[in-house]
Amino acid sequence: MLRKILIANRGEIAVRIIRACAEMGILSVAVYSEADRHALHVKKADEAHSLGEDPLAGYLNPHKLVNLALETGCDAIHPGYGFLAENAQFAEICARRGICFIGPSAEIIRRMGDKTQARRTMQQAGIPILPGSEGSLSSVEEALEEASRLGYPVMLKATSGGGGRGIRRCNSPAELKHYYERVVSEAVKAFGSAEIFLEKCIEKPRHIEVQILADHYGHVIHLFERDCSIQRRNQKLIEIAPSPGLTEAEAERVCALAVKAARAVGYRNAGTVEFLCDQEGNFYFMEMNTRIQVEHTVTEAITGVDIVEEQIRIASNLPLRYSQDQVQKRGFAIQFRINAEDPRNDFLPSFGRITRYYAPGGPGVRTDTAIYTGYEIPPFYDSMIAKLIVWAPTYEDAINRGRRALDDMEISGIKTTRAYYQQILKTADFRSGRFDTGFVERHPELTRYSEKRSKSHIATALAAAIAAHAGL
């Protein structure tokens, strides 16, 4: 078993990994930029070390992180998600320096990180893929020829993309010409590569992904599917496990495809295979995420499996503790990404000091976050500041519990997406499970809500203030 892990990340995922380490008796080492000096992950870890003044450079420097891991006596690095989590060079440097990288090998990261290579690999393995260009595009003229062959609408995508970035839908040749250079520019800025490719666009798809675990002894299992269709500009907002819109047969089919995909590439550790599902129930491979996902929490809620702990066990060369028939799903879980944004103002980022934070509780409620009252949210990072997860025996019960938990949650001093999600939960389409990736764009009226809170919340806040003043 690993003894000491450096967490090459920040925010709620760093806190999540620190907690897993604590339960496993493993020492944790946090890293931070000057902007994160007072962050919760810094306070929670057994040790914390500065990466310097720059808010981003340290988190993105693989050599510095590996050197620090060695200096502090760590035998492993957990990359979390984002930053260097899917950076093959980082995994290679770890291997070369004798540090265990908690994730798949550099070869797998590189192969799955190149979307055109991943498509070819899946096609060879018999996994359905969307029609698209054979490789990366060399010019806008080639893109126009490919689009004419495929038929509009089409999707321009960054070959090294991920996280919903570097993607544009094109409904006509004019739009393709307009977006081509923009997508190239986004790809260079976000991923350091100008390569892009073209893919046929499915109308009104569902975004379905499957969590898999694979050890070093040939065991591969799935932990069922998640529905990530509620998204804005390809960024996920709400995730549900299992999908309320799939039949049991469809769910079994997509989970089997995910296991087949993982076996085809010799995958190790935790990963996610993402698919698009059309209106006829056909699944098409989209990408494979070679890291822990933001939404892993809903899978944990319905299965009881601690995915981060399993990551660490697999990296320690231990076999999976579960066979496929031992993993059972129970009930429904919903995760809400609480973002520091103002939905009523085109989701404008909202940074600043949190003057009051109250986390909801009760049966079936979990909050993963790194914020606290008095914390100053820096403007340099992703806007997600918390994840609220609810579980209940039925989908309807999970929605009702989600409404109650969102109502209980209080984050003052900044704008958040909390109240916006309340509006989504009231819609008939969401409550019935009849939604697709276009849900948010089709419902702009949901951003026109009032932020007035009930009198009970005012009374609660006053009571808390009085108690604090009285030193109770």
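A few points about this structure:
- Inter-part distance where the stretch 336-366 and the stretch 238-287 are each reduced to a Cα centre, Å: 30 Å
- Distance in nm between pseudo-label sites at R442 and K177 (7 Å out along the Cβ direction from Cα): 3.2 nm
- Annotation: the stretch 271-342 has a Kirkwood hydrodynamic radius of 14.7 angstrom, from the mean reciprocal C-alpha pair distance.
- Packing rank of 144-151, 45-52, 356-363, 34-41, where each peptide gets the mean count of other beta carbons within 10 Å, highest leading: 34-41, 45-52, 144-151, 356-363
- With 10 Å bins beginning at zero, the pair-distance distribution over Cα atoms of the stretch 126-247 amounts to 12, 36, 32, 17, 3, 0 %.
- Projected onto planes of every orientation and averaged, the convex hull of the alpha-carbon atoms in the chain covers 22.3 nm².
- Contact order relative to length of the stretch 131-200, as percent, for alpha carbon pairs under 8 angstrom and 6 or more apart: 44 percent
- Calculated FRET efficiency for the pair Y372/A57, C-beta based, R₀ 22 Å, to 0.05: 0.25
- Among I385, A69, A405 - extreme Cα towards positive end, dipole of the chain, charges at beta-carbon: A405
- Three principal axis extents describe the C-alpha atoms of the stretch 206-455; from largest down they are 55, 41, 33 Å.
- Gained length - Q422 relative to T355, 0.36 nm times residue gap less alpha-carbon distance: 21.9 nm
- For q = 0.19, 0.20 Å⁻¹, Debye-computed log10 I/I(0) when each Cα of the stretch 186-337 counts as one equal scatterer: -1.22, -1.32
- Neighbour cut-off at most 14 other Cβ (10 Å), DSSP loop, chymotrypsin sites (Phe, Trp or Tyr not before Pro), the stretch 146-229: Y217
- Given charges at beta-carbon only (K, R positive; D, E negative), |dipole| of the stretch 131-200 in Debye: 340 debye
- Rg over Rh for the stretch 4-102 works out to 0.92, using Cα positions for both radii and the Kirkwood form for Rh.
- Farthest toward positive dipole pole in the stretch 206-455 [+1 Lys/Arg, -1 Asp/Glu at C-beta], among F285, G364, Q311: G364
- Backbone amide hydrogens, once placed in the peptide plane, bring M384 within less than 5 Å of A340, excluding anything fewer than 5 places away on its chain.
- Computed over the chain, relative contact order equals 13 percent, with contacts defined as Cα pairs under 8 Å that lie 6+ residues apart.
- C-alpha center-to-center spacing [the stretch 47-83, the stretch 141-180] in angstrom: 36 Å
- Note on the stretch 131-200: semi-axes of the ellipsoid equivalent to its C-alpha gyration tensor, largest first and rounded to whole Å, are 18, 11, 11.
- In Hz, Karplus ³J(HN,Hα) per residue of the stretch 338-350 (6.51, -1.76, 1.60; θ = phi - 60°; x = Gly, Pro): 7, 9, 7, 9, 10, x, 7, 10, 6, 6, 4, x, 10
- Panel order for C228, C277, by other beta carbons found within 10 Å of each beta carbon, from fewest to most: C277, C228.
Each reported figure results from applying straightforward, stated rules to the coordinates on display, with no laboratory input. All values derive from a computational prediction rather than experimental measurement. When we count neighbours, we look across all protein chains shown, and the Cβ atoms used for this are built from the backbone with ideal geometry, even at glycine.
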